[in-house]
Amino acid sequence: MGEWMTVTDPHLSSESKNICQYTSETKMSPSSLYSQQVLCSSIPLSKNVHSFFSAFCTEENIEQSISYLDQELTTFGFPSLYEESKGKDTKRELNIVAVLNCMNELLVLQRKNLLAQENVETQNLKLGSDMDHLQNCYAKLKEQLETSRREMIGLQERDRQLQCKNRNLHQLLKNEKDEVQKLQNIIASRATQYNHDMKRKEREYNKLKERLHQLVMNKKDKKIAMEVLNYVGRADGKRGSWRTGKTEARNEDEMYKILLNDYEYRQKQILMENAELKKVLQQMKKEMISLLSPQKQKPRERADDSTGTVISDAEEDAGELSRESMWDLSCETVREQLTNSIRKQWRILKSHVEKLDNQVSKVHLEGFNDEDVISRQDHEQETEKLELEIQQCKEMIKTQQQLLQQLATACDDDTTSLLRDCYLLEEKERLKEEWSLFKEQKKNFEKERRSFTEAAIRLGLERKAFEEERASWLKQQFLNMTTFDHQNSENMKLFSAFSGSSDRDSLTVHSRPRQKKPHGVSNGSLVCASKLTKSLPASPSTSDFCQTRSCASEHSSISVLNITPEETKPNQVGGEGTSQKWSMASGPASQEGCYSGCSLTHTNSHVEKDDLP
Amino acid sequence: MNFSEVFKLSSLLCKFSPDGKYLASCAQYRLVVRDANTLQVLQLYTCLDQIQHAEWSADSRFILCAMYRRGLVQVWSLEQPEWHCRIDEGSAGLVASCWSPDGRHILNTTEFHLRITVWSLCTKSVSYIKYPKACQQGISFTRDGRYLALAERRDCKDHVSIFVCSDWQLLRHFDTETQDLAGIEWAPNGCVLAVWDTCLEYKVLLYSLDGRLLSAYCAYEWSLGVKSVAWSPSSQFLAVGSYDGKVRILNHVTWKMITEFGHPATVTNPRIVVYKEAEKNPQLALGRLAFPPPRAAACTASSTESKYEIASVPVSLQTLKPIADRANPKVGIGALAFSPDNYFLATRNDSVPNAVWIWDIQKLKLFVVLEQLSPVRSFQWDPQQPRLAICTGGNKVYLWSPAGCVSVQVPGEGDFQVLSLCWHFSGDSLALLSKDHFCLCFLETEERAGTAFGRPGDHT
């Protein structure tokens, strides 16, 4: 028996770790049968069996127990423990081999059972944990269910509430609608009432107005009147016309004329606009044709139908171009043609552009993948590079700033002077500009001054000449003084007035009083002068005048100097001539007469000029 | 820019003669006629009472002075100072008086709009027109002076009569499909008459000279409608400003709306220039010396000046909340005017009283917004070029042109509150009217300004 144990023990220990205790114990007391038996009891078998087992076989009842075991075993299907009897009478012998076999088999069975039990136990454990898990899950789900149920209830509640609200709102809306309807009705009724009232009031008002009109207007109100000093002429200078049927017709005519003019003007404008638009369309068409035709050469080779027709269209259009003048004539047909052809061209162009777009997109798609990747990489690289550069630049700037600060702190004076210098430079520039400007202005001023001095010199010269003349004049006068004392003084006055202003009017004004004076000589001169001037326009011999003038140049009358207006020159010359002649005739004595004559010619010339046209 | 001295004035009556030679101004019962350039007094007429209305005849030879309280009109001749004419409307009363375009007839409206009396200065004839309607703008003459359109009310219906001005003969008479006609206005070409309904209903009707209805336009219903109407000088557009704060432009071919100009309180488009008037400290007066002359600047250095700043978008303009329960609410387009060259339209939205919107008519877009410090009183275009003069009731006058804008203070002691202004037809001078004074503002033309002040800045 002990041997078996030793054989089985390691086997068992290797079998499972669950029975580790058992194995350790076997190791501790490997040869003790009792302990082995105890161990057997530790195997999960009933204690009763163990106790039974311990009490089962004693010295006395070996035979019985063997037979019992044999019986039991045979009932379980084991072979009998006894040897097979050779004779009926002989006592059956215990077959050791069979016992051992049985034992072995039992042990194997036992082991199997243990294994099975083990498996069952692990499965049981597994199932237990599964069960736990499932229970947990169940609990959770239950909880969830509970919460969702609660939620559902809440939602249902809310829904109910909302529905309730909705119903209320519907009700309110309905009420409002009713209200609106009611108000609208009220408004409508009020409006009608108001209109009615208004009309009534207006009628009353009109009646009152009428009455007032009668009262105010029919009273023959003397106050209603117009006081005019005298009636003025009409603005157009015409006299007022009677109102007749004719005038009415004329008014109508005029009105329609105005309207017609307006419409004509507008039509012209619209025509012009149309013509311009047509021109634009035509140009567009031409350009489209020219743009599209080179591409069509290729498709034509492929004998494409649609393009073929288009080309024929294009040719047709080219033919049309020569008939441009036709457009203005028959609008509708031409318009249709034009628009149709344009539309066609446009369609072609559009399809062409679309085709091109497709091509482009295709090309793009083809080259998209690798290119894009590369470009992206490039891009990233580039950005990195740029960022780096930026960083560097920033650092540089920082260092520069630091340096600058250091510099500023170190040599403040230098920098300020530097800065000032640069400001000064700016200022200098500005000053330069201003300087040049000033120079220009100065130049201008100098120019002006020069011209002024020249003018002054000229003036001086003229004055000198004038003085000379005056001196000669005075001399003459002095000579005359003895005979015409009184007149001379007058003359002097006149003279001064004369020299003072070159105005013709002043001349005439001054000389007029002299005419009025009853003075024989002057009167004679007057007649003479007037005669002369009257004959003057008729006599064309200017050479005579020239001669006389050259004769008179010594005496050179002042009037020549003073009277500048060109238009009076011929008369002036004439006047001068008369005075000269006169003076030659009556001696150098009376200059005054000369004046009057001269002035007279002026006045006469005026009169003549007025009459001439 | 130079300013004349200040002259006395009453009831804002100061008018340039149509030929631009004279300037008539009224001070109480005196009418003073000055030379428009030298401002020398040429004539002085004394009327019988305080003058309430004065008007030049179209040929600048006569001036009409109306004294509504007395029912009197006095006419003065500029050429013959001794000539006089007095029209007494007697107990019928007088509420309006105006010249006919020929300058030889005077149209007097009696009280309660009983009738219009047409007095002739040439003959003894007097014509009467009955049933004139009492409305905002009931009389309109064509630009060429041939026709008169008159709004009438007969049997509770609106009518329009067209008269020939030469002999006051009725040419056309037709009823209009309006509830309560508010105004009529001829197109400048004299062929189309715009008729608009009262503010309770949006309705604009267009009639031909021969009385045909060309078109009717209604933008919306059930709300306050048309507030102001203006024809473009080319007769091509009709701008209709309404109480919804929009201007609608109708074209002259189909009479349909071309575009709609809303007047939002915030300007977000960065292409729109927003000029904002800002007070300027006298110390910092170096900012803008370019346009206002140095003389004026020196004169007014003591008082607060203002200048324009270009505000960066988005700009929100000051809006006024209208009082809903009062009559004549301050909403809608209260004023609009086309520039003489048709290129611009200036508008004022009454709910944004400080701003003037200037629209580019070629592009049909908002061009410029000017925001003033105080509500805009009135604005008027220079008759010769796109230049807008604005006054706000302060002592400044504002000028805008596409080149920019400028604010100029009226010099002189005391506060000169510019309530109104009117241009000389040459665009060289501008009369600024305050409650009881007026002065002239002479604007230099470009070349003259260049020679007058040789600024060193010009050469750089």
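The values are calculated or read from the model by the stated rules, or taken from the named source; none is laboratory data. On a predicted model such as this, the values are computed, not experimentally measured, just so you know. Counting neighbours? That spans all protein chains shown, and the Cβs are built from the backbone with ideal geometry, glycine included.
Overview of results
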read-out	value
Condition met for B:HIS84 (under 30 Å from A:TYR194 (Cβ atoms), in contact with a strand residue (DSSP E or B) (Cβ under 8 Å, 6 or more places away or on another chain) and at the interface with another protein chain (Cβ under 9 Å from one of its Cβ atoms))	no
Where B:GLU201 falls short, out of the listed (1) modelled with pLDDT under 90; (2) more than 22 Å from B:ARG248 (Cα to Cα)	(2)
Near pairs, Cβ below 7 angstrom, 6+ apart or cross-chain, from the stretch B:20-34 (over 13 Å from B:GLU55 (Cα atoms)) to any residue that is part of a strand (DSSP E or B) and among the β-branched types (Val, Ile, Thr)	B:TYR29/B:THR46; B:ARG30/B:THR46; B:ARG34/B:VAL41
Selection status of B:LEU209, buried (at least 21 other Cβ atoms within 10 Å of the Cβ), facing another protein chain (nearest Cβ under 9 Å), over 20 Å from B:THR109 (Cβ atoms) and more than 23 Å from the chain's Cα centre (by Cα)	yes
Filter pass, B:SER57 being modelled with pLDDT of 90 or more, in contact with a Pro (Cβ under 9 Å, 6 or more places away or on another chain) and within 11 Å of chain A (Cβ to nearest Cβ)	yes
Selected residue [crowded, with 19+ Cβ neighbours inside 10 Å, away from chain A (no Cβ under 12 Å), in contact with a Leu (Cβ under 7 Å, 6 or more places away or on another chain) and within 22 Å of B:CYS14 (Cβ to Cβ)] from B:CYS65, B:CYS98	B:CYS65
Residue identified as without any contact (Cβ under 8 Å) to a residue 24 or more places away in the chain and polar (S, T, N, Q) among B:SER401, B:SER420, B:SER378, B:SER407	B:SER401
Members of the stretch B:335-368 found to be among the charged types (D, E, K, R) and farther than 18 Å from B:GLY245 by Cβ, listed by number	B:ASP341, B:ASP360, B:LYS363
Of residues in the stretch B:116-138 being more than 8 Å from chain A (Cβ to nearest Cβ) and in a loop (DSSP other than H, G, I, E, B), the one farthest from the chain's Cα centre (by Cα)	B:TYR131
Output for the stretch B:265-278, where each listed residue is surrounded by 16 or more Cβ atoms within 10 Å (Cβ to Cβ) and either more than 28 Å from B:GLU444 (Cβ to Cβ) or modelled with pLDDT under 85 (or both)	B:VAL267, B:ILE272
Selection within the stretch A:244-264 - of a type in the set (Ser, Thr, Tyr), more than 8 Å from chain B (Cβ to nearest Cβ) and either assigned to a helix (DSSP H, G or I) or in contact (Cβ under 8 Å) with a residue 40 or more places away in the chain (or both)	A:TYR263
Any hit, the stretch B:389-406, residues being surrounded by fewer than 21 Cβ atoms within 10 Å (Cβ to Cβ) and charged (D, E, K, R)	no
Of all residues making up the stretch B:279-336, the number that are surrounded by 12 or more Cβ atoms within 10 Å (Cβ to Cβ), at pLDDT below 85, touching a Phe, Trp or Tyr at 6+ places or on another chain (Cβ under 8 Å) and not in a loop (DSSP other than H, G, I, E, B)	1
Members of the stretch B:156-179 that are facing chain A (nearest Cβ under 9 Å) and charged (D, E, K, R)	B:ASP167, B:ARG172
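One line per residue, one yes/no per condition, for (1) farther than 24 Å from A:VAL216 by Cβ; (2) modelled with pLDDT under 90:
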site	(1), (2)
B:ASN2	yes, yes
B:TYR22	yes, no
B:SER25	yes, no
B:LEU64	no, no
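So that you can scan it fast, the table gives a plain yes or no per residue for (1) in contact with a strand residue (DSSP E or B) (Cβ under 7 Å, 6 or more places away or on another chain); (2) under 30 Å from B:CYS85 (Cα atoms):
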| residue | (1), (2) |
| --- | --- |
| B:SER125 | no, yes |
| B:GLN137 | yes, yes |
| B:HIS159 | yes, no |
| B:LEU170 | yes, yes |
| B:GLN179 | yes, no |
| B:GLY190 | yes, no |
| B:ALA194 | yes, no |
| B:GLU201 | no, no |
| B:LEU224 | no, no |
